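A short write-up of the structure that comes next.
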Amino acid sequence: MNRVQKFREASLMAKAELARKAGVSESTIDRVEAGHDCRMETKRKILFALGLTLQESRKIFPRNGARQRAGNR
């Protein structure tokens, strides 16, 4: 389970609801939750749909270096 899914489920939100609030397709949410990368604009839409700010983006989308370091442990 990745961070987007954790925040979505903690908000008691279905994938379809997050997709609707973010203005993206449900398949986009599926891909993001599966760990695939997405465009910066999509990340912004998901953040706002989850009620987060741009300053809180690292809670959901760690920088690539952080993800790589965590994978090397």
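Within the range 16-35, the set of residues being surrounded by fewer than 17 Cβ atoms within 10 Å (Cβ to Cβ) and farther than 16 Å from residue 57 by Cα comprises 16, 17, 20, 21, 23, 25, 26, 27, 30, 31, 34.
Report yes if some residue within the range 52-61 is modelled with pLDDT under 95 and among the aromatic types (Phe, Trp, Tyr); otherwise report no. Yes, the range 52-61 has at least one match. Could you check, for the range 21-33, whether at least one of its residues is over 14 Å from residue 3 (Cα atoms), of a type in the set (Gly, Ala, Ser) and assigned to a loop (DSSP other than H, G, I, E, B)? Yes, the conditions are met somewhere in the range 21-33.
The values are calculated or read from the model by the stated rules, or taken from the named source; none is laboratory data. Values in this document were obtained by computation on a predicted structure and should not be read as measured data. Cβ: placed from backbone, ideal geometry, glycine included. Neighbour counts: every protein chain shown.
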